[in-house]
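The values are calculated or read from the model by the stated rules, or taken from the named source; none is laboratory data. Everything numeric in this text was worked out from a predicted model, so none of it was measured. Cβ: placed from backbone, ideal geometry, glycine included. Neighbour counts: every protein chain shown. Heavy atoms of the whole protein, side chains included, go into the accessibility calculation; ligands, DNA and RNA do not. Shrake-Rupley method; radii C 1.70, N 1.55, O 1.52, S 1.80 Å.
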Amino acid sequence: MDDKQQLKRRDFMSIATWAIGILIGAGMGLPAIAYIIGPALREDEAFGWIRLGSISKVELGIPTLFKAKIERQTGWIVNEEEITVYVLTENGRDFIAMSNICTHLGCRVRWIKDQDQFFCPCHNGVFNKAGGVVAGPVPRPLDRFEVKVEDDQLFILGG
Ligand code: FES
């Protein structure tokens with residue numbers, strides 16, 4: 001074996017050692033980096049179906065208030081939020097779920113039983129019991145959630 005061949009062999013061994021080192025480093029390092037920075041890159045998560053409670057709580061023809069807790073993760077920060085939803089049924093079988101957030105500037109509406117309508121105290125917005133616009137500066141009806149009933153439990157689709 002001459003000097004030239006020995007030099008090539010030494011170069012090959014050196015390159016192979018580096019290549020193996022890089023492969024091992026990438027194999028261990030990339031998942032670790034993805035684990036560390038992954039939450040920061042993630043957008044808010046969709047919530048899926050959120051259980052509100054029993055359908056027996058809903059009075060016929062009267063919007064009934066339900067509250068549920070959800071966890072919203074943004075990056076590494078997890079916040080617990082309470083969402084408030086009015087549920088209405090006229091027949092005990094078909095339900096609509098409405099947000100209690102006014103569609104004008106986001107104040108919370110409340111049900112005024114005597115007047116049979118929702119009222120927003122911020123700018124006197126008024127909605128009927130199905131969430132339709134009645135008066136005030138509100139641009140559109142109350143937002144609705146998709147609803148399902150399973151085993152007499154109400155669920156809304158959050159997002
Ligand atoms: S925020 Fe409700 S009427 Fe303005």
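Okay, residues lined up against (1) modelled with pLDDT under 95; (2) in contact with a strand residue (DSSP E or B) (Cβ under 6 Å, 6 or more places away or on another chain); (3) surrounded by fewer than 11 Cβ atoms within 10 Å (Cβ to Cβ); (4) under 18 Å from Ile156 (Cβ atoms):
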| residue | (1), (2), (3), (4) |
| --- | --- |
| Gln5 | yes, no, yes, no |
| Phe12 | yes, no, yes, no |
| Gly25 | yes, no, yes, no |
| Arg51 | yes, yes, no, yes |
| Thr64 | no, yes, no, yes |
| Ala68 | yes, yes, no, yes |
| Ile77 | yes, no, yes, no |
| Met98 | no, yes, no, yes |
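When Pro121, Pro137 are checked against the criterion of being open to solvent by 50 Å² or more (accessible area, probe 1.4 Å), within 11 Å of the ligand (Cβ to nearest atom) and over 17 Å from Ser99 (Cβ atoms), a single residue qualifies: Pro137.
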